[in-house]
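**Q** Have a look at this one.
The values are calculated or read from the model by the stated rules, or taken from the named source; none is laboratory data. These figures come from a predicted structure and were not determined experimentally. Note that each Cβ is placed from the backbone with ideal geometry, even for glycine, and that neighbours are counted across all protein chains shown.
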Amino acid sequence: MGMNRTGIIALLCVATLPPTTSAQVLFTGQTAAQFYKSAVTLSPRAVNSGRPSFGWDTQLFVDGEVSDHVTALAYLRATNTDPITFDYVAIRLTDVTPLGLNFQAGKFDLPFGNLGDRRFPRKNLLYSLPSIYEYRMALPDHFSPGGDYQVIPEREILAGAGQGRGMRLLDLGMYHPGAMVFGSAGILEYAFAVTTGTVSTSSYTSDNYNSDLGKVARLAITPMTGLTIGSAYAWGAYMQAVYPIPGVENVNTYAERAAEVDLEFSRGYAVLYGEAVYSTFDVPITTGDQTLKVLGYYVEGKYTIIPRLYAALRVSGLTFGDVLAGGIQQPWDYNLVEWEGGIGYFIDRDVLLKAVRRETRTHGGSGPKDNLTVLQLVVSY
Amino acid sequence: MPKRTHRNQVTSVILIHLALPALMIAQQGRTAENVPTSSTAGIHGRISLSKRDDTHPVSMRDPMSGMYTMHGGNGASALIGLSPGAPAKLSERAVVYLESDDLNQGPYAVSTKNPSLDQKNLQFHPQVLPIMVGTRVEFPNRDNLFHNVFSYSQAKEFDLGRYPKDDSRSVTFDRPGVVRVYCDIHSHMSATILVLKHPYFTSPDDSGVYVLSRIPPGKYRVVLWYDRDPAERKNVEVKAGEDLQLDFTN
């Protein structure tokens, strides 16, 4: 089991907070156990090659309230397929300036989008994260050297289409080491973060693989109760500096630029979320630099039918721009559309049973039709 | 409000034809002033719970609703200046009521004035609400954000959905029992509604003083309920015209 050393130290710090009268430490968590069966396809969305399987994941949240304005936070995650990982380890200072600014440093989720605690099974309306957070695109964050240099032939990009080996558009929960200021003014919320990587390159390891820093700015407005519209922009170098780039350029000049808008609306028994992300990647291709583009989106909603029982539906997708290969413009990955629907039943307030069906369609590739059926039991404590 | 009109009519009929002394007892232990006391008794006392925690989890910020995200969804509440207020007063956390099979026989009239369980400053107020079976409870939202009040308790299962500030929903509690009430958006919020078969219950004032009056003579178990659970039970026998002092020093 690999465990993030920084996370362990931070957890120990939280656990050994000075026993002042104001300090409080709260441990909470979630555990999910699921049975899943996907279609037997070569799609990267196929789970365990389509064999029926059981799985589990668990999250532990540690909330150390040092004082009214200082909080130490940690979030530990483990699954049956991933090692124990500290996704979130941060010190948060709230309302520490006359302007009401808040500050946090450590490792945290980037202020990009509105996924929020829907990333956790208890609040996730369905089973998967939206495809823009999970699907691996054709573009990797480092390339095998073409000769002595890190450049990629167009055909290698195209060969990666539908293989599920490259970056995610938004890398799972987008947790990064960094620092962030955030606050609000009336109906406006704002945030600015500087982190080691970009929204597509967080991954479980947190070292910075280039000399640039990721930057994220976000602004959201809540014009009425139940409606929040947000927008964010992120930019920074995304490539790993494992090999040199030809000429005077280096990986720091190859940037990802991502813009997004998101929406949350709720009223009565209905809740609706949506997010659209447009991202560009500067790529050192053998025949010359190109900028690859992708548009990702999802809309999901939940309706509480009767107490305890809800129905949920999500539509998500990725639409890829062109790469110039052999004189022909063609999409650099297969477009993807995914539907996920299901029902959730609260056996108890803290026990949720979900039955979910996911259908994935890609416009090409070795597994153009894929599906996944999941029965998941979630407890929170 | 047709339902309320109908309820008033029903109440009037009961008042005229039954004329039970208990009908004069106002809801939630607010005793009437003009009921003859020669054939009834009372219990009064003080609740001293100074050693109980004032750092109840309700004062903790909730890691599952906003602590790990600073934008959108539940996290928004952390950014608009709302945070759980100080622990609720004793008057909102404690209830004293009687247990007795005799008292459960009734019938009793239900107050036409609906009690309310407010959602304010990310807390329920009060945190323990005693009512009689058949009472309709209002759930007004006093916060400038959504709440989603629900309960999965056997005594009453409901989900009120999301509604804005100063709007309200109501629920009639037609079965006795303990109803745990939560907010689906802010999981630290919780309250308890005690649905009793009789009107012999009261809440203390902020100093802990409580008064139960116009009790029929008999043997009872006096229960102190604090927050989510019964804290103490005492057996007493009250006689006609007697005013019994019974303190709780849990």
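Rundown of residues vs (1) more than 18 Å from the chain's Cα centre (by Cα); (2) surrounded by 18 or more Cβ atoms within 10 Å (Cβ to Cβ); (3) within 14 Å of chain B (Cβ to nearest Cβ); (4) touching a residue at least 24 places away in the same chain (Cβ under 8 Å), yes/no style:
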| position | (1), (2), (3), (4) |
| --- | --- |
| A:Leu101 | yes, no, yes, yes |
| A:Gly113 | no, yes, yes, yes |
| A:Ser131 | no, yes, no, yes |
| A:Glu134 | no, yes, no, yes |
| A:Thr201 | no, yes, no, yes |
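**Q** So, A:Arg308, is that one without any contact (Cβ under 8 Å) to a residue 40 or more places away in the chain, among the basic types (Lys, Arg), surrounded by 15 or more Cβ atoms within 10 Å (Cβ to Cβ) and over 19 Å from A:Phe120 (Cβ atoms) or not? Explain how you work it out, then say what you get.
**A** Numbers: without any contact (Cβ under 8 Å) to a residue 40 or more places away in the chain: yes; among the basic types (Lys, Arg): yes; surrounded by 15 or more Cβ atoms within 10 Å (Cβ to Cβ): yes; over 19 Å from A:Phe120 (Cβ atoms): yes.
Answer is yes for this residue.
**Q** Next question, about the same structure. Please specify each residue of segment A:140-191 satisfying the condition of being without any contact (Cβ under 8 Å) to a residue 12 or more places away in the chain and aromatic (Phe, Trp, Tyr).
**A** Selection gives nothing.
**Q** Which residues, taken from segment B:174-213, are at positive phi and either out of contact with any Leu (no Cβ under 8 Å at 6 or more places or on another chain) or part of a strand (DSSP E or B) (or both)? Quick ask: steps written out before the conclusion?
**A** We begin by selecting, within segment B:174-213, every residue at positive phi; these are B:177, B:208.
Within segment B:174-213, just B:Gly177 meets the criteria.
**Q** I'm trying to understand the selection: among the residues of segment A:183-198, which are in a loop (DSSP other than H, G, I, E, B) and either within 14 Å of another protein chain (Cβ to nearest Cβ) or surrounded by fewer than 19 Cβ atoms within 10 Å (Cβ to Cβ) (or both)?
**A** As a first pass, look at segment A:183-198 and keep what is in a loop (DSSP other than H, G, I, E, B): A:186-187, A:196-198.
Answer for segment A:183-198, where residues must be in a loop (DSSP other than H, G, I, E, B) and either within 14 Å of another protein chain (Cβ to nearest Cβ) or surrounded by fewer than 19 Cβ atoms within 10 Å (Cβ to Cβ) (or both): A:Gly186, A:Ile187.
**Q** A follow-up question, please. Name the single residue, out of those in segment B:135-168 being touching a Cys at 6+ places or on another chain (Cβ under 8 Å) and at the interface with chain A (Cβ under 9 Å from one of its Cβ atoms), that is nearest to A:Thr228 (Cα to Cα).
**A** Keep residues of segment B:135-168 that are touching a Cys at 6+ places or on another chain (Cβ under 8 Å), which gives B:147-150.
Filter again for at the interface with chain A (Cβ under 9 Å from one of its Cβ atoms), leaving B:148, B:150.
Numbers: B:Asn148: 17, B:Phe150: 23 Å.
Applying the filter and picking the extreme gives B:Asn148.
**Q** Restricting to segment A:41-93, and then to whatever is within 14 Å of chain B (Cβ to nearest Cβ) and not in a strand (DSSP E or B), can you tell me which residue is surrounded by the most Cβ atoms within 10 Å (Cβ to Cβ)?
**A** So, considering only residues that are within 14 Å of chain B (Cβ to nearest Cβ) and not in a strand (DSSP E or B), the one surrounded by the most Cβ atoms within 10 Å (Cβ to Cβ) is A:Val66.
Every residue, every condition in (1) of a type in the set (Phe, Trp, Tyr); (2) more than 30 Å from A:Ala270 (Cα to Cα); (3) assigned to a strand (DSSP E or B), yes or no:
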| position | (1), (2), (3) |
| --- | --- |
| A:Arg122 | no, no, no |
| A:Leu126 | no, no, no |
| A:Ala138 | no, yes, no |
| A:Glu156 | no, yes, no |
| A:Leu170 | no, no, no |
| A:Val181 | no, yes, yes |
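**Q** For segment A:170-182, enumerate the residues that are touching a helix residue (DSSP H, G or I) at 6+ places or on another chain (Cβ under 9 Å) and either buried (at least 24 other Cβ atoms within 10 Å of the Cβ) or within 11 Å of another protein chain (Cβ to nearest Cβ) (or both). Outline the logic, then answer.
**A** Here is the first cut: in segment A:170-182, the ones touching a helix residue (DSSP H, G or I) at 6+ places or on another chain (Cβ under 9 Å) are A:170-174, A:177, A:182.
Listed by number, the residues that qualify are A:Leu170, A:Gly173, A:Met174, A:Phe182.
**Q** Further, regarding this structure: Working carefully through the options B:Ala86, B:Ala109, B:Ala76, B:Ala155, find the one that is modelled with pLDDT of 95 or more, outside any strand (DSSP E or B) and over 12 Å from the mean Cα position of the chain (by Cα).
**A** B:Ala155
**Q** I need a count of the residues in segment B:173-231 that are under 15 Å from B:Gly134 (Cα atoms) and of a type in the set (Val, Ile, Thr).
**A** The number of residues fulfilling the criteria is 4.
**Q** So which of A:Thr286, A:Thr280 ends up being farther than 30 Å from B:Asp166 by Cα, within 19 Å of the chain's Cα centre (by Cα), surrounded by fewer than 22 Cβ atoms within 10 Å (Cβ to Cβ) and β-branched (Val, Ile, Thr)?
**A** Details: A:Thr286 fails: within 19 Å of the chain's Cα centre (by Cα).
Only one candidate qualifies: A:Thr280.
**Q** Continuing with this model, one more query. Any residue at all in segment A:150-169 that's crowded, with 22+ Cβ neighbours inside 10 Å and of a type in the set (Asp, Glu)?
**A** For segment A:150-169, residues crowded, with 22+ Cβ neighbours inside 10 Å and of a type in the set (Asp, Glu): absent.
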